[in-house]
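Below is one structure, written out as structure tokens; comments come after it.
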Amino acid sequence: MAKHSSASSFPIQKRWSLMILLCIALSTAIAFFIGASFRACNSRDYSEKNNFNSPIHSFDSQSTAAEKEEDPLSFMKSKLVLLVSHELSLSGGPLLLMELAFLLRAASTRVVWITNQKPTERDEVIYSLEQRMMDRGVEVLSAKGQEAVDTALKADLVILNTAVAGKWLDAALQENVPRVLPKVLWWIHEMRGHYFKLEYVKHLPFVAGAMIDSHTTADYWKNRTHERLGIKMPETYVVHLGNSKDLMEVAEDSVARRVLREHIRELLGVRKDDLLFAIINSVSRGKGQDLFLKAFNEALQLSQERKLKVPRMHAVIVGSDMSAQTKFETELRNFVVDKKIQDSVHFVNKTLNVAPYLASIDVLVQNSQARGECFGRITIEAMAFQLPVLGTAAGGTTEIVVNGTTGWLHPPGKEGVTPLAENIIRLATDIETRRTMGRKGYSRVKEMFLEHHMSRRISLVLKEVLQKAKRG
């Protein structure tokens, strides 16, 4: 079988210095994963050719030193904001909304959280996340009941998170929906066609605004809602994600990175000079782990055929679910066995602690398929660690990776397998290109994808929506 690696299944070195650094870095990693922040994108390439919808807004990416020091969300002090999430889990959408909750709490905003869909039995993940929010001063309410209705009516702003959260409006507010819609900001992350249902988004045209993670996704929603549902989008704001201060501290700490790199490589059983190409995502067909492994296997064959002198290469799949292995993951493991590449492929259980793996690998592969990622937060996290990125030319990845500068892009689907294999070979044989792309990716993060970028841009969105809510 392919190697299954997990940090909990190996002994940890007993040196106190290593333990201290690991504890600091790993605990920080949890914080930054939950605390990934957001930044509005700088782009002026949207034409009004599709004038059946409201314009898509974006903001300039420059910021002054003063803006970095001041909290641009200070105007939210004492305001009441209701956050509605369709679920509470370790997936991207809920974690992003939690981060916004914490940023608002830091500005002395009263924040109330509602989770629309919760299991009847106690769920440890939900319990721990709710406790984390309450520890930071976020109030947690039941999705239904008079208290939820009263809070929505009194709130200065209501933020719905994901398209599916729209079901909460009718279920909870009923006849009060029209009174709440003028102060709703709808934050959309989805790119899949099955989310375009009227039962989810029928109220979308009447809210104060929509916030979407990338221009590609915003354009997709703009066209799809018109063509498929016959409704128009409200005013839309494109807000890219960004890296938190916690993440940047780990990424810029050379000692922590070195210790983490040595530790994880020891756990994986790889040498310090081996080359690690990793995909860090939930294991599912849409994330493209199957096509990545085919490309990796092809790269190994090309290396042998061309008699290239390259370090030993490894593929690392971070995001497995060892407690409930899916049919898709079984297919991946069977492929590894069939191709006899077990010693070069490593499966790692899903984790919030992505920092150790970013510190230990050499190249990130972002291989999401079809329309790609709505944004792809792991991409900018990898770039913070000065890693080149091999990504699909789809979705938000095209707005992050500069092709030929911070990485290389390849087509999604089967036609992208051979180009990805060739790109793996190109990076494996050229250490200077890896380093140069990594440095340029890091510079791009510093220029565009930091917390202070997000804070100013998100504040501009909230100011506009609050003004509209007052007029509404």
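Only aspartates and glutamates eight or more places from Lys197 in sequence, or on another chain, were considered; none has a Cα closer than 12 Å. With every protein chain in place and a 1.4 angstrom probe, the accessible-area ranking of Leu300, Leu390, largest first, reads Leu300, Leu390. Helical runs assigned H by DSSP (4 residues or longer) give the chain a calculated mean residue ellipticity at 222 nm of -12500 deg cm²/dmol, each run adding -39500 (n - 2.57) before division by the residue total.
Comparing Cα centroids, region 105-182 and region 452-472 end up 20 angstrom apart. Along region 399-414 the Karplus relation, 6.51 cos²θ - 1.76 cosθ + 1.60 evaluated at θ = phi - 60°, assigns HN-Hα couplings of 8, 10, 7, 8, 4, x, 10, 10, x, 10, 9, 9, x, x, x, 4 Hz to successive residues, with x for each Gly and Pro.
Taking the centroid of alpha carbons for each part, region 256-290 and region 315-344 are 14 Å apart. A simple charge model with +1 on the Cβ of Lys and Arg, -1 on the Cβ of Asp and Glu and nothing else charged puts the dipole of region 117-251 at about 500 debye relative to its Cα centre.
Accessible surface ranking for Asp290, Asp338, Asp150, 1.4 angstrom probe, highest first: Asp338, Asp150, Asp290.
In the context of the full set of protein chains, residues of region 322-472 present 37 Å² of accessible surface per residue (probe radius 1.4 Å, heavy atoms only). Please give every one of the aspartates and glutamates within straight-line cross-link reach of Lys202, meaning a C-alpha to C-alpha distance under 19 Å, and leave out same-chain neighbours fewer than 8 residues apart. Partners found: Asp170, Glu175, Glu190, Asp219, Glu227, Glu235. The string of couplings for region 288-299 from the Karplus curve (6.51, -1.76, 1.60, θ = phi - 60°) is x, 5, 5, 6, 4, 5, 5, 5, 5, 4, 5, 5 Hz, one whole number per residue in order, with x for Gly and Pro. Shown here are the Rg and Dmax of the Cα trace of region 305-408, at 15.0, 41 Å. Rounded to the nearest 10 square angstrom, Met191 shows an accessible area of 10 square angstrom against a 1.4 Å probe. About its Cα centre, the dipole of region 211-322 is roughly 420 debye, where the only charges are +1 on Lys and Arg Cβ and -1 on Asp and Glu Cβ. Please label the shape of region 191-302 as rounded, prolate or oblate, based on the square roots a ≥ b ≥ c of the eigenvalues of the alpha-carbon gyration tensor (a/c under 1.5 means rounded; beyond that, a/b larger than b/c means prolate, else oblate). Oblate shape, in that a/c is at least 1.5 and b/c is the bigger or equal ratio. With the cut-off at 24 Å, tell me which of the pairs Lys222/Lys294; Lys287/Lys414; Lys79/Lys470; Lys272/Lys414 have Cα atoms farther apart than that. Check vs 24 Å cut-off fails for Lys222/Lys294; Lys272/Lys414.
The share of Cα pairs per 10 Å bin across region 360-400, counted from zero up to the longest distance, runs 35, 54, 11 percent. Note on region 296-340: semi-axes of the ellipsoid equivalent to its C-alpha gyration tensor, largest first and rounded to whole Å, are 27, 12, 6. What is region 397-471 by shape, rounded, prolate or oblate, if you read a ≥ b ≥ c off the alpha carbon gyration tensor as root eigenvalues and call it rounded for a/c under 1.5, prolate for a/b larger than b/c, and oblate otherwise? Judged from the Cα gyration tensor, region 397-471 comes out oblate (a/c at least 1.5, b/c at or above a/b). Taking the convex hull of the alpha carbon positions in region 114-243 and averaging its projected area over all directions gives 9.1 nm². Just the protein heavy atoms count here, and of the accessible area of the chain at 1.4 Å, carbon and sulfur take up 49 percent.
For Ile231, Ile159, give me the order by solvent-accessible area with a 1.4 Å probe, most accessible first, ignoring ligands, DNA and RNA. Display every interim value, and only then the final one.
Working: Ile231 30, Ile159 0 Å².
Heavy-atom accessible area, descending, gives Ile231, Ile159.
Each residue of region 106-114 was assigned a 3J(HN,Hα) from its phi angle through the Karplus curve 6.51 cos²θ - 1.76 cosθ + 1.60 (θ = phi - 60°); the sequence is 5, 9, 6, 7, 7, 10, 10, 10, 10 Hz, with glycine and proline shown as x. With the whole protein complex present, His215 retains an accessible surface near 20 Å², based on a 1.4 Å probe. Based on the Kirkwood radius over alpha-carbon pairs, what value in µm²/s does the Stokes-Einstein equation return for the translational diffusion coefficient of the chain at 20 °C and 1.002 mPa s? After rounding, the answer is 93 µm²/s. For the chain, the Cβ-based charge dipole about the Cα centre amounts to some 360 debye (Lys, Arg positive; Asp, Glu negative; other atoms uncharged).
Positive end of the dipole of region 210-317 (Cβ unit charges, origin at the Cα centre): among Ala295, Val270, His226, the Cα lying farthest that way belongs to Ala295.
The angle between the Cα long axis of helix 215-224 and the main principal axis of the chain comes to about 60°, on a 0 to 90 degree scale. Placing unit charges on each Cβ (+1 for Lys and Arg, -1 for Asp and Glu) gives region 72-191 a dipole about its Cα centre, and among Gln131, Pro178, Leu160 the Cα reaching farthest toward its positive end belongs to Pro178.
Checking the a/c ratio against 1.5 first, then a/b against b/c, what shape does the Cα gyration tensor give for region 172-221?
Here region 172-221 falls in the oblate category.
The values are calculated or read from the model by the stated rules, or taken from the named source; none is laboratory data. This is a predicted model, so every value here is computed, not measured. Note: ideal-geometry Cβ built from the backbone for every residue, glycine included; neighbour counts use all protein chains shown. In case anyone asks, the SASA skips ligands and DNA or RNA and just uses the protein heavy atoms, side chains included. Shrake-Rupley method; radii C 1.70, N 1.55, O 1.52, S 1.80 Å.
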